[in-house]
Amino acid sequence: MCYHYDPAFLEQYRRTEQKMLRVMKARSAEALIMHGEAVLGLEAAWRATVRPGMHVLNLVSGVFGKGMGDWLRMSQGVVHEIVVGYDDAIDPAAVEEYLDAHPEVELVCVVYSETPSGILNPVDEIGRICRAHGVVSIVDCVSAVGGMPFDADRWGLDICVAGAQK
């Protein structure tokens, strides 16, 4: 049996991390593989990032975006939201306008692909807007990575969570 501390396992784990980074085009990033469904990674991302009183802009274009807002409130973040219809994508101009008007926002959360509706949010534009405002981004790309274009570095994305189950 190969245990998690076995040198052969550690070598395979590191190779898998590097493959994941190549798929996400995250050349300057670190990878963390968690054993479980993608929701485990999403929870780890917001729990490690959001602190009580932190202003967070949550972009809601479907059920997973709405759920992210519920999680953010659990961390006692001050949650701001841009909400659109569940058949609509987030308008990057609205994000830029909101961040201009609310410099207290430190984090933006967005779902790339809302699985139930198939809506794709323009995370490439949203990431660049976040970067220009000095705001950290968390991107739920669970149902998009591997099936949709994705370039974490070029798009200026900070924390990207995917999952093998999709």
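Before moving on, here are some points about what is shown:
- Based on DSSP H segments of at least four residues, each scored -39500 (n - 2.57), the chain has a per-residue ellipticity at 222 nm of -12500 deg cm²/dmol.
- On full extension, the segment bounded by Lys19 and His102 gains 26.1 nm, given 0.36 nm per residue less the C-alpha separation.
- In a simple Cβ point-charge model (Lys, Arg +1; Asp, Glu -1; nothing else charged), the stretch 36-161 has a dipole of about 380 debye relative to its Cα centre.
- Karplus-derived HN-Hα couplings along the stretch 26-32 (A = 6.51, B = -1.76, C = 1.60, θ = phi - 60°), whole Hz, x at Gly and Pro: 10, 5, 10, 10, 10, 10, 9
- When the chain is described by a simple charge dipole with +1 on each Lys and Arg Cβ and -1 on each Asp and Glu Cβ, the residue from Val136, Ala31, Pro103 located farthest towards its positive end is Ala31.
- Put simply, when 6-16, 79-89 are sorted by average Cβ atoms within 10 angstrom per residue, most first, you get 79-89, 6-16.
- Relative contact order, whole percent, for the chain stands at 23, derived from Cα pairs under 8 Å and 6 or more residues apart.
- Quick note on the stretch 106-156: its Rg to Rh ratio, both from C-alpha atoms and Rh being the Kirkwood radius, is 0.96.
- Fraction of alpha-carbon pairs over 24 Å apart in the chain - percent: 33 percent
- Projecting the Cα positions of Leu21, Leu120, Val56 onto the charge dipole of the stretch 1-147 (unit charges on Cβ atoms of Lys, Arg, Asp and Glu, taken about the Cα centre) puts Leu21 furthest along the positive direction.
Taken together, the values in this text are just the output of simple stated rules run on the coordinates, not laboratory data. Since this is a predicted model, take the numbers as computed values, not measurements. Note: ideal-geometry Cβ built from the backbone for every residue, glycine included; neighbour counts use all protein chains shown.
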